[in-house]
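Trainee: Please see the structure below; I have some questions.
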């Protein structure tokens, strides 16, 4: 029975996923080993990863991958035994092996084919490494437990005597299946011999007191019969003698066992008691290497893998539930029925918990993404001929999984940028009194409902003047405009902006940074940049904790409901019309002794109707600053399931989505960051033209 | 047939293949990802045969075999080790720990069935 094609396909898919995971583990182990060559745990990890790839690969037909993995695994086996030392050459070759296996897997899925010369070359490197430690053993043909198809078709006769050891059943052996298998090879009569049976009182239920003999007619050869007993050869006496061929006249359907089977038969030429195990239970069985598995490995057994589509479905449903529950709450309030109110409160509580749990399931620690970058930095700095090192912090910080997936590329680009434009060559650094090895530091942490990811390097920093000149020459800012250094730094996110005359291979043509910004904003996040010339640059990404459901503040503007993301909000204050006029267009207010600039949402959203006498400013933290947003009225908190408005409304910058309220009406969700930017830009414009 | 087989392997693809092969032949298949998981599963249900890889994190195959032989319910349950060519010494060690038989990776579905039929 062969695996049918559907099972094979599925198996191949599972193997691809599994191999990718194992490759990740291998890479991680190698990076750890590079930093701490004395540790044994990473060697074991690397070995196990290769071992699994080899084993599973061959089962599903990935012969090239399996064969190659086998060679590398053998070398690591030798490292485990101490025959080969961990060396930079070994690590480098192993990292290349990792890449090769990855490319072989991708070639199988339709990616570009792998040049056989590359495989040969790498194998050569490994042979050089294992050198005197001996030839890596070639993967032998799998041990076949069924015998070669019998060459003979003529019927033969065998006299068989099977005498199991008394304790044979102690290791789970069952006699019946063995006898059944033996008899299925041909035809004959099987006889159990009971002469060794003790009296009942002396009988041990788990001991075997019987033995069997038979004369079997079969067209197989002796080895096939022996194979039946392959697992028990050490635990029994098996006598096998081939008798003369079947002769018509002698067809032994007799009930009497024929004479050749007498107990004292002439010494069967092929009889043998399997020699006592050559290695008598060796007291020095291979000692297990002291396994101090790090605790995070134990956790792995308690996890279940769930396809992310299933999770997405669950989150969607929870979102719908939250919406329905909000309507229920509103209805209960209107009906003013006490029982219904109680029930709707209960449901609200449960829904909230369900929502939190569902959101939590999608949270994944960012640490594994960070670790991938260590390799990137190592390889890149080698290529660029400078020395740089990546350090990380806060890897246990959790983010929504889809967000992590979408952050990978922007982060890569930012890091590449640091290495390419930020970190100076070692000699230059030393001249400036900096350590020769540049530092790129990745950190992640939670702060007030957001996740902050920062990339900091200790390179040459940004030159504000240079940026200004470039921006002016490109017409991005009017000449002579007063922009703070931070605002100038922010210009690098503008499309088509690049101060490096020479476009390098790695970072490209300044296309990168604006794409980074857009990607982050697509995640409803924001990018900030700060720098100190000569000292370094820090880029900070501020991201929401989750994409799908947020807590929002419901406000009213010009009679219509809008939602502001609650996480940023600090407080609400009243603004009388007098106060607004008094500030004379400068749009600042005094909030508890502090000056807070504010944005007129009516203006920003172009709702120019009569202003109510009293308005409210919702003070929120946006991009590290406190900014007020002026609304007509604050209604209250509202759990918001964010629904996208769809492609046709993509161009609406100030709106990040919409939500359905309890009464069924739709409220737009405002993007506070965008609103602030928009207001700043128009303020800059107004300032230049004089006071509006 | 209704006999229940527990397959223990940290590789999802091996488990999938074993599961498919054996359930196709009418067996009820349980899966475990490593030794501790396996021990937990046999507490819950009676098992007629255990198929285990040797190289697993947490508790490896040999330790699992010993643990199974020490448990009342599984003392006499047939246990098959999954080994590779390079692990001849493991086979011996496994036997001493109490394994009933072995099968060498990589194996084909029919080889797996042949071994299982030998023991059940």
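The values are calculated or read from the model by the stated rules, or taken from the named source; none is laboratory data. Just so we're clear, the structure is a prediction, and the values are computed from it rather than from any experiment. Backbone-built Cβ (ideal geometry, glycine too); neighbour counts: all protein chains shown.
Trainee: Output the residues belonging to the range A:163-173 that are in contact with a strand residue (DSSP E or B) (Cβ under 9 Å, 6 or more places away or on another chain) and within 7 Å of chain B (Cβ to nearest Cβ). Please lay out each step first, then the result.
Mentor: Our first condition is that a residue be in contact with a strand residue (DSSP E or B) (Cβ under 9 Å, 6 or more places away or on another chain); within the range A:163-173, this holds for A:163-165, A:168, A:171-173.
Those that are in contact with a strand residue (DSSP E or B) (Cβ under 9 Å, 6 or more places away or on another chain) and within 7 Å of chain B (Cβ to nearest Cβ): A:171, A:172, A:173.
Trainee: Of everything in the range B:84-94, what is touching a strand residue (DSSP E or B) at 6+ places or on another chain (Cβ under 8 Å), surrounded by fewer than 23 Cβ atoms within 10 Å (Cβ to Cβ) and more than 7 Å from every other protein chain (Cβ to nearest Cβ)? Give them in sequence order.
Mentor: B:90, B:91
Trainee: Could you list all residues from the range B:1-22 that are within 17 Å of residue B:111 (Cβ to Cβ), more than 11 Å from the chain's Cα centre (by Cα) and more than 8 Å from chain A (Cβ to nearest Cβ)?
Mentor: Passing the criteria: B:19, B:22.
Trainee: Ok, one more. Out of all the residues in the range B:25-33, is one or more within 10 Å of chain A (Cβ to nearest Cβ) and either crowded, with 19+ Cβ neighbours inside 10 Å or under 12 Å from the mean Cα position of the chain (by Cα) (or both)?
Mentor: Looking only at the range B:25-33, we keep the residues that are within 10 Å of chain A (Cβ to nearest Cβ), and these are B:25, B:32-33.
Subsequent filtering for residues that are either crowded, with 19+ Cβ neighbours inside 10 Å or under 12 Å from the mean Cα position of the chain (by Cα) (or both) retains B:32-33.
Among the residues of the range B:25-33, at least one is within 10 Å of chain A (Cβ to nearest Cβ) and either crowded, with 19+ Cβ neighbours inside 10 Å or under 12 Å from the mean Cα position of the chain (by Cα) (or both), which makes the answer yes.
Conditions (1) within 23 Å of the chain's Cα centre (by Cα); (2) surrounded by 18 or more Cβ atoms within 10 Å (Cβ to Cβ); (3) modelled with pLDDT under 80, marked per residue:
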{"residue": "A:378", "(1), (2), (3)": "yes, no, no"}
{"residue": "A:387", "(1), (2), (3)": "no, no, no"}
{"residue": "A:397", "(1), (2), (3)": "yes, yes, no"}
{"residue": "A:413", "(1), (2), (3)": "yes, yes, no"}
{"residue": "A:418", "(1), (2), (3)": "no, yes, no"}
{"residue": "A:421", "(1), (2), (3)": "no, yes, no"}
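Trainee: Let me ask something additional. So which of A:14, A:53 ends up being part of a helix (DSSP H, G or I), in contact with a helix residue (DSSP H, G or I) (Cβ under 9 Å, 6 or more places away or on another chain) and without any contact (Cβ under 8 Å) to a residue 24 or more places away in the chain?
Mentor: Numbers: A:53 fails: without any contact (Cβ under 8 Å) to a residue 24 or more places away in the chain.
Of the residues listed, the single one that is part of a helix (DSSP H, G or I), in contact with a helix residue (DSSP H, G or I) (Cβ under 9 Å, 6 or more places away or on another chain) and without any contact (Cβ under 8 Å) to a residue 24 or more places away in the chain is A:14.
Trainee: Identify, please: which residue in the range B:108-120 is in contact with a strand residue (DSSP E or B) (Cβ under 8 Å, 6 or more places away or on another chain) and without any contact (Cβ under 8 Å) to a residue 24 or more places away in the chain and is, among those, nearest to residue A:181 (Cα to Cα)?
Mentor: The qualifying residue nearest to residue A:181 (Cα to Cα) is B:118.
Trainee: Still on this structure: Report yes if residue B:42 is within 7 Å of chain A (Cβ to nearest Cβ) and in contact with a strand residue (DSSP E or B) (Cβ under 7 Å, 6 or more places away or on another chain), otherwise no.
Mentor: No; evaluated as a whole, the condition is false for this residue.
Trainee: Could you say whether any residue in the range B:52-66 is under 12 Å from the mean Cα position of the chain (by Cα), modelled with pLDDT of 90 or more and more than 10 Å from chain A (Cβ to nearest Cβ)?
Mentor: Yes, there is a match, as at least one residue in the range B:52-66 is under 12 Å from the mean Cα position of the chain (by Cα), modelled with pLDDT of 90 or more and more than 10 Å from chain A (Cβ to nearest Cβ).
Trainee: State yes or no: is residue B:119 more than 7 Å from chain A (Cβ to nearest Cβ) and under 13 Å from the mean Cα position of the chain (by Cα)?
Mentor: So residue B:119 fails the test.
Trainee: Restricting the search to the range A:97-127, which residues are surrounded by fewer than 15 Cβ atoms within 10 Å (Cβ to Cβ) and in contact (Cβ under 8 Å) with a residue 24 or more places away in the chain?
Mentor: Once the filter is applied, which keeps residues that are surrounded by fewer than 15 Cβ atoms within 10 Å (Cβ to Cβ) and in contact (Cβ under 8 Å) with a residue 24 or more places away in the chain, the range A:97-127 yields only A:109.
Trainee: Let me ask something additional. For the range A:428-444, state whether one or more residues are modelled with pLDDT under 85 and on the phi > 0 side of the Ramachandran plot.
Mentor: There is no residue in the range A:428-444 that is modelled with pLDDT under 85 and on the phi > 0 side of the Ramachandran plot.
Trainee: Is it the case that residue A:20 is within 14 Å of chain B (Cβ to nearest Cβ) and crowded, with 21+ Cβ neighbours inside 10 Å? Give the derivation first.
Mentor: On the way: within 14 Å of chain B (Cβ to nearest Cβ): yes; crowded, with 21+ Cβ neighbours inside 10 Å: no.
So residue A:20 does not fit the description; no.
Trainee: Condition first: away from chain B (no Cβ under 14 Å) and surrounded by fewer than 17 Cβ atoms within 10 Å (Cβ to Cβ). Now tell me which residues in the range A:174-199 satisfy that.
Mentor: A:187, A:189, A:190, A:191, A:192, A:193, A:194, A:195, A:196, A:197, A:198, A:199
Yes or no, residue by residue, for (1) under 30 Å from residue B:59 (Cα atoms); (2) more than 14 Å from chain B (Cβ to nearest Cβ):
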residue: A:304; (1), (2): yes, no
residue: A:308; (1), (2): yes, yes
residue: A:312; (1), (2): no, yes
residue: A:317; (1), (2): no, yes
residue: A:320; (1), (2): no, yes
residue: A:326; (1), (2): no, yes
residue: A:329; (1), (2): no, yes
residue: A:332; (1), (2): no, yes
residue: A:338; (1), (2): no, yes
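Trainee: Then there's this: Out of everything in the range B:99-112 that is in a helix (DSSP H, G or I) and at the interface with another protein chain (Cβ under 7 Å from one of its Cβ atoms), what residue ends up being surrounded by the fewest Cβ atoms within 10 Å (Cβ to Cβ)?
Mentor: Filtering first and then ranking leaves B:110.
Trainee: While we're here: Within the range A:299-316, which residues are under 15 Å from residue A:360 (Cβ atoms), surrounded by 10 or more Cβ atoms within 10 Å (Cβ to Cβ) and modelled with pLDDT under 75?
Mentor: Matches in the range A:299-316: A:308 only.
Trainee: Give just the number: which of (1) touching a helix residue (DSSP H, G or I) at 6+ places or on another chain (Cβ under 9 Å); (2) part of a strand (DSSP E or B); (3) under 22 Å from residue A:32 (Cβ atoms) does residue A:408 not satisfy?
Mentor: (2)
Trainee: I would also like to ask the following. How about the range A:655-671: which of its residues are over 13 Å from residue A:638 (Cα atoms) and modelled with pLDDT under 80?
Mentor: Matches in the range A:655-671: A:656, A:664.
Trainee: Being under 20 Å from residue A:539 (Cα atoms) and part of a helix (DSSP H, G or I) is the filter here, so list the residues in the range A:444-470 that pass it.
Mentor: Within the range A:444-470, A:464, A:465, A:466, A:467, A:468 meet the criteria.
Trainee: Among the helices (runs of 4 or more DSSP H) contained in the range A:481-582, which hold 2 or more residues that are at pLDDT below 65? Even if it seems obvious, please write down each step before you answer.
Mentor: Values: elements: A:485-490, A:511-522, A:577-582.
By residue number, A:577-582.
Trainee: Hey, any hits in the range A:61-83 for a residue that's part of a loop (DSSP other than H, G, I, E, B), over 21 Å from residue B:56 (Cα atoms) and under 21 Å from the mean Cα position of the chain (by Cα)?
Mentor: no
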